Amino acid sequence: MAKKSAPKKFVTDLRKLVVKGDDNFFGLEPELATLARARFVVMSAPYEGTVSYGVGTGAGPKAIRLASQQVELFDEITRDEHIPRHGVCTLKAFDAKCSAEEMTMGQIYPVTQQIVGENKFPVLVGGEHSVSPGAIKAVAEAYPDVSVFHIDAHSDLRDSYHDDKFSHASAAARFNEWCPVVQVGIRSREKMEHGSGKHPVHCYHAFDYHTEGPWIDEAINHLTRNVYLTIDVDGFDPSVFPGTGTPEPGGITWYLGLKMILRLAQQRNIVGFDIVEVSPIKGQQVSEFAAARLMGRIIAFISHYCWRAETV
Ligand SMILES: [Mn+2]
């Protein structure tokens, strides 16, 4: 008779996960990346257990970290070096040999709780989209009025997929149980994907909403004051992120995406974000570099707009 194995032990003590040295996000001098000094803390979740089609998103976090070491630290849009100014602490990658539920609820959830509990800003790099719910749950518990701004080609609102409630295809169904959701870039969904029914879902289909317009502010107006931003890179056009598991033609362009996030930072308080589903293409660094650059821009927009009141 097979012995039932004991539940797996994961390292979830924030302090034990901190990367020392300079192989960190943005290649910062170690003293700019300590937990004590940094306001941003980056988690890496190289998980790809439930992906439907192309594989390789498990290699995303490391490729994005290496690419980020080539990104200029000066943000020329907000004209400041927010990354060294506020500090970015890098955590060791989570153990990806587990179920999606163990990854997001057993590792990401407790670590995000500690990050938020220490008044730091959580950033999560995937991995597939199934990693996001644990981070969002921890943030939603800390900020009762959180809603989610969700950039994606797919609505991810199936209650479960292949009998897995923590599948990448059910990510939004999970966080919609805890928060209102505004979706943009959507262009692939099932007829019956409605969401949990517990909180509203506003969906801006890419066919109608793929250029700048007043709809951006209208979409943001559906959000509560505190916002978690979750970015599946397939929400962008495949010309921006060719390296992703399920690319769909006709997504958000680079500048539309940046302007949406800039408007979001100007009008709401962003309290956490993730970038998921980068699947590096061998010999072509476009996708991981775009993700690293996007990460740097979002850090700049949050520092410059959301935190402006406390820095002037
Ligand atoms: Mn997607």
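Bear in mind these aren't lab numbers, they're just calculated from the coordinates by the rules spelled out. If you're wondering where the values come from, they're calculated on a predicted model, not measured in any experiment. With ideal geometry, Cβ positions are generated from the backbone for all residues, glycine too; neighbour counts draw on all protein chains shown.
Computed values, structure above
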{"item": "Selection from the stretch 172-183 of residues that are of a type outside the set (D, E) and either away from the ligand (no atom under 12 Å from the Cβ) or under 14 Å from A140 (Cβ atoms) (or both)", "result": "A172, A173, R174, F175, N176, W178, C179, P180, V181, V182"}
{"item": "Flag if L223 is more than 15 Å from G185 (Cα to Cα) and in a loop (DSSP other than H, G, I, E, B)", "result": "yes"}
{"item": "Single unsatisfied condition, E277 versus (1) among the charged types (D, E, K, R); (2) more than 26 Å from P247 (Cβ to Cβ); (3) buried (at least 22 other Cβ atoms within 10 Å of the Cβ)", "result": "(2)"}
{"item": "Test: H162 is of a type outside the set (D, E), more than 14 Å from the ligand (Cβ to nearest atom) and over 19 Å from R268 (Cα atoms)", "result": "yes"}
{"item": "Matching residues, the stretch 260-299, being polar (S, T, N, Q), over 17 Å from D234 (Cβ atoms) and without any contact (Cβ under 8 Å) to a residue 60 or more places away in the chain", "result": "Q266, Q267, N269"}
{"item": "Yes/no for V71 being crowded, with 24+ Cβ neighbours inside 10 Å, more than 20 Å from A173 (Cβ to Cβ) and of a type in the set (A, V, I, L, M, F, W, C)", "result": "no"}
{"item": "Pick from the stretch 249-272, criterion within 16 Å of the ligand (Cβ to nearest atom) and not in a loop (DSSP other than H, G, I, E, B), ranking: surrounded by the most Cβ atoms within 10 Å (Cβ to Cβ)", "result": "I252"}
{"item": "Helices (runs of 4 or more DSSP H) lying entirely in the stretch 83-175 (those with 1 or more residues that are of a type in the set (S, T, N, Q))", "result": "109-117, 132-142"}
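Table: residues versus (1) without any contact (Cβ under 8 Å) to a residue 24 or more places away in the chain; (2) of a type in the set (K, R); (3) assigned to a strand (DSSP E or B); (4) farther than 25 Å from I302 by Cα.
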position: Y209; (1), (2), (3), (4): no, no, no, no
position: G213; (1), (2), (3), (4): yes, no, no, no
position: V227; (1), (2), (3), (4): no, no, yes, no
position: P238; (1), (2), (3), (4): yes, no, no, yes
